[in-house]
Amino acid sequence: MKTIKSTFLLAFILCLAINFSQAQQAYQIHQDNVKPSMVMEYEKTAKELVAASKEHKPQTNWATAVTNDLKYSYITPIENMADLDKRPFADMAKKMGDKWTTMFTNFDKCYDSHRSYIIHLVEDLTYMPEGITITQEGQDYRNWYYIYFTPSNAEKIREGMKAVKELYKAKGSKEYYRIYRNGYGTTEDFYLVAVSAKDEIDSATKSKANEIVLGPERWETFSKVMDYATRYEEYSGNMRPDLSYSSK
């Protein structure tokens with residue numbers, strides 16, 4: 001649960017090197033790779049953090065997502081890189097004293113690795129005709145699709161993503177999705193596609209209905225993306241409101 005720090009100009013250069021508008025919403029992701037044997041202990045501690053935050057009211061917020069392979073991700077919106085140097089928990093940690101130290105010692109026992117990085121919402125590639133939001137009431141189930149590519153194919157991949165969105169629009173698809181682009185702290189280029197549903201059954205039902213709506217031409221359109229991908233990864237999981245916090 002450590003916050004990444006960077007004051008070097010290189011951080012800004014790396015972020016600017018990605019081909020998209022700076023106006024896109026950025027999110028800091030902190031990911032804990034929790035050991036299967038420690039899930040119960042980890043969740044107990046995560047709930048203690050939420051409870052303590054509600055008591056001490058740090059000026060921050062995060063949404064928590066958990067994948068089927070036990071990666072716990074804490075998603076915090078940021079305005080710019082300077083936000084990474086803020087210390088929203090400083091006063092809270094001081095007031096809690098040893099309790100704060102113990103809480104994070106308990107976190108550290110639950111995983112052997114963790115990391116922090118930034119992703120950016122790409123609004124012009126996102127398909128949410130009724131308005132873009134990362135959370136939808138009653139739809140906490142998620143499918144996440146990672147499409148990796150080399151820098152030399154960045155333009156082709158983006159063109160393919162545009163073609164997919166145009167197909168969804170033309171067909172009036174009811175399966176909505178959000179697109180994110182990798183940012184600072186990641187080692188490979190990728191697009192992340194996030195699809196919401198009520199649960200696993202609802203997700204499968206929507207997916208099957210969408211295949212029918214898009215028709216056979218979906219294969220040709222999807223190939224405009226996948227022909228330029230180096231690899232593809234798919235995960236499922238859930239948003240966890242009970243492990244999330246907002247000061248608002």
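No value in this document is a laboratory result; all are computed from the given coordinates. Since the structure is predicted, the reported quantities are computational estimates derived from the model, not experimental observations. A quick note on method: Cβ atoms are made from the backbone with ideal geometry, for glycine too, and the neighbour counts reach across all protein chains shown.
Here are a few things to note about the model shown:
- The length gained on full extension between T187 and E234, counted as 0.36 nm times the residue separation minus their Cα-Cα distance, comes to 15.1 nm.
- Expected-Rg normalisation [2.2 N^0.38 Å, Cα atoms] applied to segment 9-118: 1.19
- Shown here for segment 82-142: trypsin sites (Lys or Arg not before Pro) in loop regions (DSSP other than H, G, I, E, B) with at most 13 other Cβ atoms within 10 Å, namely K86, K109.
- Exposure proxy order (Cβ contacts within 10 Å, fewest to most) of D189, D227, D202: D227, D202, D189
- The Rg/Rh ratio for the chain is 0.98, where Rg is the radius of gyration of the alpha carbons and Rh is the Kirkwood radius.
- Likely footprinting exposure, S73, S196, fewest C-beta neighbours within 10 Å first: S73, S196
- Over 18 Å (Cα to Cα) - which of K44/K99; K171/K206; K54/K109; K54/K198; K71/K208; K94/K248 fall in this group: K54/K109; K54/K198; K71/K208; K94/K248
- Global geometry of segment 120-237, whether rounded, prolate or oblate, following the gyration tensor of its Cα atoms and the 1.5 cut on a/c: oblate
- The longest part of the chain holding none of the exposed loop GluC sites (Glu not before Pro), meaning those outside H, G, I, E and B in DSSP with at most 13 other Cβ atoms within 10 Å, is 1-78.
- Estimated [θ] at 222 nm from DSSP helical runs (n ≥ 4, -39500 (n - 2.57)) normalised by residues in the chain, nearest 500: -11000 deg cm²/dmol
- Full extension of the chain segment joining D108 with M40 gains 23.1 nm, where the gain is 0.36 nm per residue of separation less the Cα-Cα distance.
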